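What follows is one structure encoded as structure tokens, with my remarks underneath.
The values are calculated or read from the model by the stated rules, or taken from the named source; none is laboratory data. What you see is a predicted model; the values in this text were computed from it and never measured. Positions of Cβ are backbone-derived with ideal geometry, glycine not excepted, and every protein chain shown enters the neighbour counts. Keep in mind that these areas ignore ligands, DNA and RNA; they rest on the heavy atoms of the full protein, side chains included. Shrake-Rupley method; radii C 1.70, N 1.55, O 1.52, S 1.80 Å.
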Amino acid sequence: MKNREILFKMENVKAYYKLEEVTVKAVDDVSLEIFEDEVIGIVGESGSGKTTLSNVISMNIMKPLTLVEGKVFLKINGEFEEISSMSREEVKKKFWGKEITIVPQAAMNALMPTIKMSKYIEHLAQSHGIDKNELLSKAEKRFEEVGLDPLWLKRYPFELSGGMKQRAVIAIATILNPVLLIVDEPTSALDVVNQKIFLKVLMQMKKMGIVKSIVFITHDIATVRQIADRMVVMYAGKIAEISPIEEIVQKPLHPYTQGLLNSVLTPEPEIRKRGITTIPGAPPNLVNPPSGCRFHPRCSYAMDICKEKVPPLKEIEKNRKVACFLYMEERK
Ligand code: SF4
């Protein structure tokens, strides 16, 4: 993997849902860097903290979600700005759309059926103080770039198929050419054909420089394999492993990553030859997660230390980080 400039970083972030009676530790002491010109895939089971992490990256933090600890930085004009010291409204006004854009889960279903697509562009033009007609003609071009006839701008969302709607959403979301694009489960509601088209569109956008880096959040490892440069595996609010994609598929290090890769039906020969297995047990409740390594109740390699201490995320091979005592001196 090439040495790349860091575009975004978060340090020791704890983001919890503070509810009346309980606190859900959805992202717990997570540090992460995103490089310029990369696609980073974030995978994990439901409830592993992926979506919360995406909200932290874009500082889309609304109660009951609270940034308890840690810092978040975004590189703006070559300098890191600490966006975690700003309010959500400030980050939204200054950076959303232009520097960072998040397309949340099921975004296409959030389009109002009675509002024409072009109205969304007009609204964006108004909120960013841009000439309406200028942005509309840019939208026509962007629609073409994602394989949609610009005439669809004059139509209502209910007239578009699911695949077309998802492409329309990505065209609108990237209209101001954001540097960092975050997409949360963008393909899960699409059929296989439309999934392929959407991934192609996404990669084309990166190639054309419409977006610089992409954070792709999914539970679908096969999709990440197709488009990502690196994979981040989350388990119970923490990062279990970060690695370049080829290396993690060929040799997953963390026992959870091994289980995750071995439990998917995939045409990948590296994964298939290891056979299909399942991970015993279920992900923990994040109100009261297990002590030490959160994976220890499900891990067949668990040692005494795993129940007592939290394994730090450490670089144990070039560009490969893992949070597991199997690879650390402390276990001896
Ligand atoms: Fe398993 Fe221990 Fe590694 Fe956790 S730290 S994954 S329990 S071996």
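If I filter the range 37-82 down to residues being of a type in the set (Gly, Ala, Ser) and open to solvent by less than 30 Å² (accessible area, probe 1.4 Å), which single residue comes out as nearest to VAL232 (Cα to Cα)?
Ranking the candidates gives GLY41 first.
Given the residues LYS93, LYS138, which is the only one that is among the basic types (Lys, Arg), more than 25 Å from the chain's Cα centre (by Cα) and in a helix (DSSP H, G or I)?
LYS138
Assigned to a helix (DSSP H, G or I) and within 19 Å of GLU38 (Cα to Cα): does that describe LYS165?
Here the answer is no, as LYS165 does not meet what is asked.
For the range 263-276, check the following and say yes or no: at least one residue is β-branched (Val, Ile, Thr), open to solvent by less than 10 Å² (accessible area, probe 1.4 Å) and within 14 Å of the ligand (Cβ to nearest atom).
No, the range 263-276 contains no residue that is β-branched (Val, Ile, Thr), open to solvent by less than 10 Å² (accessible area, probe 1.4 Å) and within 14 Å of the ligand (Cβ to nearest atom).
Considering the range 18-34 alone, what residues qualify as being open to solvent by 60 Å² or more (accessible area, probe 1.4 Å), farther than 20 Å from ILE182 by Cβ and touching a residue at least 12 places away in the same chain (Cβ under 8 Å)?
Result: LYS18, LEU19, LYS25, ASP29.
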